[in-house]
Amino acid sequence: MTDARPADEVWNRLEELADDEVATLVEAAEHVIGELADEPEAAMLAKMPVARVGIALTDVLRDAGADVDTDQVTALLRDEEQSRRLAVQTLREISADPALADEVAAAYRARREMMAVDAGLVLAGSLLLLVLKLKRIKVGKVDISFYEVRESALAQLRSLLGK
């Protein structure tokens, strides 16, 4: 028997997941993070249209010192291949925290057991925005800070934008 957590199965095969599985995992992560966030408006970030997510991400990137154009960021979010890469990188960062990874994996399993319409990978942008804008969430008695995630997630987005 292995010492791996049950949630590790999905996290260990992120690169192998089909697009619909990645989209479901992104949706689960958005739900969990939105529900557990200290900021009430966090749950609304996942419901923003792509154009609004693009504007918000552009603002975050500019605040971080990147010279980006809103149309460029929005185009990146609409590109399925780039959006998948962004989603996988953001999910990889989320999986680094065991408590959060377990919560997201449980939400993912629950969604996989339901019959649901695929939301698409376009949700990757809103998940990234959630991760970048939130400072702290609570999973049970555990406080999770995204400060370490922020720079690596920004670096991934910059590399996708060629900045």
Picked from the range 44-58 (must be surrounded by 15 or more Cβ atoms within 10 Å (Cβ to Cβ) and either free of Cβ contacts under 8 Å to residues at least 12 places away in the same chain or closer than 16 Å to ALA155 by Cβ (or both)), the residue farthest from the chain's Cα centre (by Cα) is ARG52
Considering only residues that are farther than 18 Å from ARG13 by Cβ and modelled with pLDDT of 90 or more, which ones fall in the range 101-126?
GLU103
Looking for something among the aliphatic types (A, V, I, L, M), at pLDDT below 90 and farther than 27 Å from GLU9 by Cβ - is there at least one such residue anywhere in the range 87-100?
no
So which of ARG92, ARG62, ARG85 is under 15 Å from ARG158 (Cα atoms), charged (D, E, K, R), under 15 Å from the mean Cα position of the chain (by Cα) and in a helix (DSSP H, G or I)?
ARG85
Hey, among VAL73, VAL68, which residue is modelled with pLDDT of 80 or more and assigned to a helix (DSSP H, G or I)?
VAL73
Taking the options GLU30, GLU80, GLU35, name whichever one is under 26 Å from GLY140 (Cβ atoms), of a type in the set (Asp, Glu) and touching a residue at least 40 places away in the same chain (Cβ under 8 Å).
GLU30
Condition met for GLU35 (under 16 Å from TYR108 (Cα atoms), modelled with pLDDT under 85, part of a helix (DSSP H, G or I) and of a type outside the set (A, V, I, L, M, F, W, C)):
yes
Boolean, THR24 is part of a loop (DSSP other than H, G, I, E, B) and either modelled with pLDDT of 85 or more or among the polar types (S, T, N, Q) (or both):
no
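The values are calculated or read from the model by the stated rules, or taken from the named source; none is laboratory data. The shown structure was predicted, so the numbers you read here are calculated from the model rather than taken from an experiment. Quick reminder, even Gly has a Cβ in these numbers, built from the backbone with ideal geometry, and neighbours come from all protein chains shown.
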